[in-house]
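Below: one structure, written as structure tokens.
The values are calculated or read from the model by the stated rules, or taken from the named source; none is laboratory data. Since this is a predicted model, take the numbers as computed values, not measurements. Note: ideal-geometry Cβ built from the backbone for every residue, glycine included; neighbour counts use all protein chains shown.
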Amino acid sequence: MNRSFSELNRYGLKRILMRANLQQHRKMSDIRFRLYTLGAGIAGEQKVLDYLKNLRFGFPFRVLWDIRLEVSSRQYVQIDLLVLTPTRAIIYEVKNIGGRLRFEDNPARLDKVDADGFISDSFECPVLQLEEEMAGLRQWLEMNRISSTVDGAVVMTANPVFEQAKKDGRVFRLREIRRHLATERTGPSGRSGPQIEELAKLFMRAHEPYFPFPLRNQFNIQENELYWGPICSDCGELVIRKSERTWICRACGTRCKNVFEETLLDWFLLKGRLISSEDIRHLFSLADRRSASWIIRRFELDRIQDSRLVLYSWDYSALRLPYRLNE
């Protein structure tokens, strides 16, 4: 399972908060809310992944995480967790929502209620989401002439209290996954372990991740509202270069590592998909072009030439992170 692009998205949102004076910024609450919901979603998916990792059955299975498949021209199905078994392709739609919950109809939704029974929040019905994803997966399998039963369930990972549950039985708590997977019908007609691996590779080749970058565009943040130079990864204040590879935070005194990596990654996640050699020189206050060329080579930036202008890009699709993301 590859690192989820949701984690990269979350990292970028944190860096926006560090690079702007958002105490007065009009978008502060929007960014913090997005960061909270994204973090909750990732945490819920990780709980399911950890649980699945420890399950053992008398048949092989494979788990894929965060899959996005094209089912028609520019139409995609996004799947949180996909489990491939000998006879089934199972979608687990993960929701990390706690508290007191009610499934309602007309329109279909999931309401969160307070102690007095009043609605405190309302969400799109996860069962409807699951049904849409299952329909999309069936369509993709048919397009690729793959025979497989499509199954699925909504998995609630925050131990909510259901005041009004869904009647069709497609809503599970985490530990009900074992029982659901154990219903697998084994026999000679099912896929073998190697065949399941080949199918998993097909899914990964077809996977088309969504790149929401640069993130500032989502919040209508202008370039001049963020500081783009090197900052301290601990406190977000400016750093001073003491030697070729040593930077010191002028506020907290931290000796900062990975300054080149963090600054370049922030550019590609937050500002834009292209950078020039002159941009790199300005970003790090470099005196000559050779230093910029060293950075370009070190981080394997892709060269793009448009007439006489040479620009460089970062390969989002390969998830070629220049360093390990901070947790």
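Numerical summary
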read-out	value
Candidate set: the range 72-107, residues that are hydroxyl-bearing (Ser, Thr, Tyr) and in contact with a strand residue (DSSP E or B) (Cβ under 7 Å, 6 or more places away or on another chain); chosen: the one farthest from residue 141 (Cα to Cα)	92
Subset of the range 35-74 [touching a residue at least 60 places away in the same chain (Cβ under 8 Å), farther than 30 Å from residue 16 by Cα, not hydrophobic (A, V, I, L, M, F, W, C) and not in a helix (DSSP H, G or I)]	58, 60, 62, 70, 72
Any hit, the range 40-53, residues being of a type in the set (Val, Ile, Thr) and out of contact with any strand residue (DSSP E or B) (no Cβ under 9 Å at 6 or more places or on another chain)	yes
Lone qualifier among 76, 92 - being of a type in the set (Ser, Thr, Tyr), within 30 Å of residue 211 (Cα to Cα) and crowded, with 20+ Cβ neighbours inside 10 Å	92
Residue satisfying all of: in the range 166-186; in contact (Cβ under 8 Å) with a residue 60 or more places away in the chain and exposed (fewer than 13 other Cβ atoms within 10 Å of the Cβ); nearest to residue 56 (Cα to Cα) among these	182
Only one of 156, 134 that is over 26 Å from residue 70 (Cα atoms) and surrounded by 18 or more Cβ atoms within 10 Å (Cβ to Cβ)	156
Strands (runs of 3 or more DSSP E) within the range 110-198 that include 3 or more residues under 22 Å from residue 76 (Cβ atoms)	149-156
Residue 290 under 17 Å from residue 311 (Cα atoms), among the basic types (Lys, Arg) and either part of a helix (DSSP H, G or I) or at pLDDT below 90 (or both)	yes
Selection count, the range 228-260, where residues are surrounded by fewer than 17 Cβ atoms within 10 Å (Cβ to Cβ), within 24 Å of the chain's Cα centre (by Cα) and either outside the structural domain of residue 300 (by TED's automatic domain parsing) or at negative phi (or both)	2
Residue that is more than 24 Å from the chain's Cα centre (by Cα) and within 30 Å of residue 95 (Cα to Cα), where the choices are 176, 225	176
Test: residue in the range 296-308 that is within 23 Å of residue 32 (Cβ to Cβ) and either touching a His at 6+ places or on another chain (Cβ under 6 Å) or of a type in the set (Gly, Ala, Ser) (or both)	no
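To keep it simple, each residue is scored yes or no on (1) in contact with a Leu (Cβ under 6 Å, 6 or more places away or on another chain); (2) on the phi < 0 side of the Ramachandran plot; (3) basic (Lys, Arg).
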residue	(1), (2), (3)
99	no, no, no
102	no, yes, yes
117	no, no, no
125	yes, yes, no
134	no, yes, no
156	no, yes, no
170	no, yes, yes
174	no, yes, no
194	no, yes, no
